[in-house]
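The values are calculated or read from the model by the stated rules, or taken from the named source; none is laboratory data. Predicted model, so just to flag it, every value in this text is computed and none were measured. Here the Cβ positions follow ideal geometry from the backbone for every residue, glycine too, while neighbour counts run over all protein chains shown.
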Amino acid sequence: MKSTGQSAVFGRRKEPHTVIIARGNEIRHFTIRPWLAAFIGSALAAIAIGYLLATSYLVLRDDLIGATTARQARMQQAYEDRISALRAQVDRITSRQLLDQQLMETKVSELLARQTQLSERHGRLGPILERAENEVGDAPAAGATPKPGEQAEITGSLSQAPAYSVASLSAGDTRPFSLWSTRSDPLEGETAADRADKLFVSINASLKSIENQQLSRITTLADNAYKNADGIVQALEAAGLPVDSELNKSDVGGPLVPVDPSLVFDSKVKELDEALDALDEVKKEARKLPLTNPAPGRTVTSPFGVRTDPILGTAALHTGMDFRAPIGMPAKVTAAGVVTRAGWAGGYGRMVEVDHGNGFATRYGHLSEIDVAVGQKLAAGDVIGKTGSSGRSTGPHLHYEVRHDGEAVDPLRFLAVGKKVAQYL
């Protein structure tokens with residue numbers, strides 16, 4: 001009774017489900033607990049959901065696989081397109097690098113060829129410039145021109161100035177050309193190719209400057225040589241002295257044919273060589289003449305011409321010039337020649353006569369001592385004896401005569417010419 005009362009207090013008791021199965025006279029029943037029912041329902045629901053999911057997967061699997069395959073195909077195509085673009089870019093860069101490399105090698109080859117040409121010219125210029133310096137010397141020329149000593153700087157610089165630059169860009173350089181053409185300086189905004197081009201321009205300018213210096217120097221020396229030779233010829237002709245030279249002859253002509261620039265240097269060198277030959281020939285002709293002073297620094301006590309004879313006091317022809325000189329002073333020959341007389345010669349006292357060729361001869365009289373012999377060859381400036389007062393003389397001095405074809409001529413004319421051409425000789 002109490003339990004019934006308690007059940008009435010807490011509510012009606014929930015009875016479990018009972019399943020009754022009747023078959024004929026047999027009756028079976030079993031009770032289903034709530035948790036079992038819940039379990040069975042959950043299992044059935046899970047099975048249903050799984051079936052639905054499996055069915056959906058089977059239905060949608062082909063679509064999912066197709067979408068995934070298409071996505072992968074699109075990604076692969078994009079990668080292939082990107083790779084193709086990169087390959088095309090690499091090919092363009094490589095082609096440009098090869099072209100730039102070939103261009104650089106061509107430029108380097110040209111520079112090396114020009115440098116080799118300048119070095120060969122330097123070898124050819126050395127002897128002829130040395131000869132020009134000896135022949136032309138420091139004779140003045142029109143305009144401001146380099147001194148002969150500067151030729152060493154001009155010719156020496158041709159092998160030094162471009163050497164380091166050309167060597168640094170040797171055509172055999174095996175480094176990637178991208179270092180030259182594509183790398184840039186972020187601070188300067190200038191590619192290495194630009195710097196290489198500037199270097200090529202600088203080297204070309206240096207080589208061109210050296211070539212111009214060479215040609216200018218050669219032209220200047222040739223002009224100076226012709227001017228010196230012309231100055232000697234004009235001085236000799238103005239004094240009425242003969243000179244065998246073809247310098248002033250200009251019987252030339254012919255059509256104008258432009259010269260190849262590569263032949264300009266050879267033509268200039270040939271012109272300089274011809275000018276030096278002409279100058280040398282004129283100098284040889286001039287040196288045959290007695291143009292130097294036999295007693296430099298000494299006073300002329302009696303010139304050439306009519307004078308009062310110092311002994312008789314009557315008018316007489318003085319066939320030479322007298323130079324005051326102490327006894328024993330060396331007497332020097334004024335030009336190269338051969339001794340034709342050496343000994344006592346009447347009023348000359350002890351006298352030496354030297355034949356200089358072309359009909360010219362000189363005499364040195366009143367010597368106190370003779371130091372040469374007949375037939376002896378002399379060079380200009382050689383000592384022939386010592387001054388004195390032998391023969392018809394009133395005191396120690398040197399009597400100097402110049403004769404042409406046996407006739408006495410005024411020595412002053414030769415001495416004046418000698419002063420003019422001394423700077424050329």
Selection count, segment 312-351, where residues are closer than 20 Å to Thr387 by Cα and either in contact (Cβ under 8 Å) with a residue 60 or more places away in the chain or hydroxyl-bearing (Ser, Thr, Tyr) (or both)
15
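Within segment 381-410, count every residue that is under 52 Å from the mean Cα position of the chain (by Cα) and not in a strand (DSSP E or B). Talk me through it step by step, then tell me what you get.
Keep residues of segment 381-410 that are under 52 Å from the mean Cα position of the chain (by Cα), which gives 381-383.
From what is left, the residues that are not in a strand (DSSP E or B) are 381-382.
Here the count works out to 2.
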Across segment 31-59, which residue is modelled with the lowest pLDDT among those that are within 30 Å of Val19 (Cβ to Cβ) and either surrounded by fewer than 10 Cβ atoms within 10 Å (Cβ to Cβ) or of a type in the set (Ser, Thr, Tyr) (or both)?
Thr31
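So, in segment 342-352, how many residues would count as being in contact with a strand residue (DSSP E or B) (Cβ under 9 Å, 6 or more places away or on another chain) and either over 22 Å from Ile327 (Cβ atoms) or loosely packed, with under 15 Cβ neighbours inside 10 Å (or both)?
Final tally of qualifying residues: 3.
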Go through (1) modelled with pLDDT of 80 or more; (2) surrounded by 13 or more Cβ atoms within 10 Å (Cβ to Cβ) and name the single condition Ala70 misses.
(2)
Which condition from (1) in contact with a His (Cβ under 6 Å, 6 or more places away or on another chain); (2) surrounded by 13 or more Cβ atoms within 10 Å (Cβ to Cβ); (3) more than 12 Å from His399 (Cβ to Cβ) is the one that Ala325 breaks?
(3)
Could you tell me which numbered condition Asp62 fails, if it satisfies all but one of (1) among the charged types (D, E, K, R); (2) at pLDDT 90 or above; (3) more than 30 Å from Arg195 (Cα to Cα)?
(2)
Specify the residue that is surrounded by the fewest Cβ atoms within 10 Å (Cβ to Cβ); the eligible residues are those in segment 354-380 that are on the phi > 0 side of the Ramachandran plot and in a strand (DSSP E or B).
Gly357
Let me spell it out: the conditions are (1) crowded, with 17+ Cβ neighbours inside 10 Å; (2) under 25 Å from Leu236 (Cβ atoms); (3) in contact (Cβ under 8 Å) with a residue 40 or more places away in the chain; (4) not aromatic (Phe, Trp, Tyr), and Ser393 meets all of them except one. Which number is the exception?
(2)
Tell me the residue from Ser262, Ser245 that is assigned to a loop (DSSP other than H, G, I, E, B) and either at pLDDT below 75 or closer than 27 Å to His122 by Cβ (or both), please.
Ser245
If you check every pair at least six apart or on different chains, which have Cβ atoms under 8 Å apart with a residue in segment 292-304 that is closer than 19 Å to Gly388 by Cβ and not assigned by TED's automatic domain parsing to the domain that holds Ile327 first and a residue that is basic (Lys, Arg) and crowded, with 17+ Cβ neighbours inside 10 Å second?
Pro294/Lys332
Count, please, the residues in segment 268-313 that happen to be of a type in the set (Ser, Thr, Tyr) and surrounded by 13 or more Cβ atoms within 10 Å (Cβ to Cβ).
3
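Of everything in segment 353-372 that's without any contact (Cβ under 8 Å) to a residue 60 or more places away in the chain and within 57 Å of the chain's Cα centre (by Cα), which residue is nearest to Gly320 (Cα to Cα)?
First, pick out the residues of segment 353-372 that are without any contact (Cβ under 8 Å) to a residue 60 or more places away in the chain: 353-355, 359, 361, 363, 365-372.
From what's left, within 57 Å of the chain's Cα centre (by Cα): 353-355, 359, 361, 363, 371-372.
Working: Glu353: 13, Val354: 15, Asp355: 16, Gly359: 17, Ala361: 12, Arg363: 9, Asp371: 22, Val372: 21 Å.
Residue satisfying both the conditions and the ranking: Arg363.
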From the residues in segment 187-210 that are surrounded by fewer than 16 Cβ atoms within 10 Å (Cβ to Cβ) and among the β-branched types (Val, Ile, Thr), which one is modelled with the highest pLDDT?
Val201
Pairs where the first residue, in segment 202-229, is under 12 Å from Glu135 (Cβ atoms) and the second is surrounded by 20 or more Cβ atoms within 10 Å (Cβ to Cβ) and β-branched (Val, Ile, Thr), C-beta under 7 Å, 6+ apart:
Leu221/Val136; Asn224/Val136; Ala225/Val136; Asn228/Val136; Ala229/Val282
Restrict the check to segment 266-289 and report whether at least one residue is modelled with pLDDT of 85 or more and hydroxyl-bearing (Ser, Thr, Tyr).
no
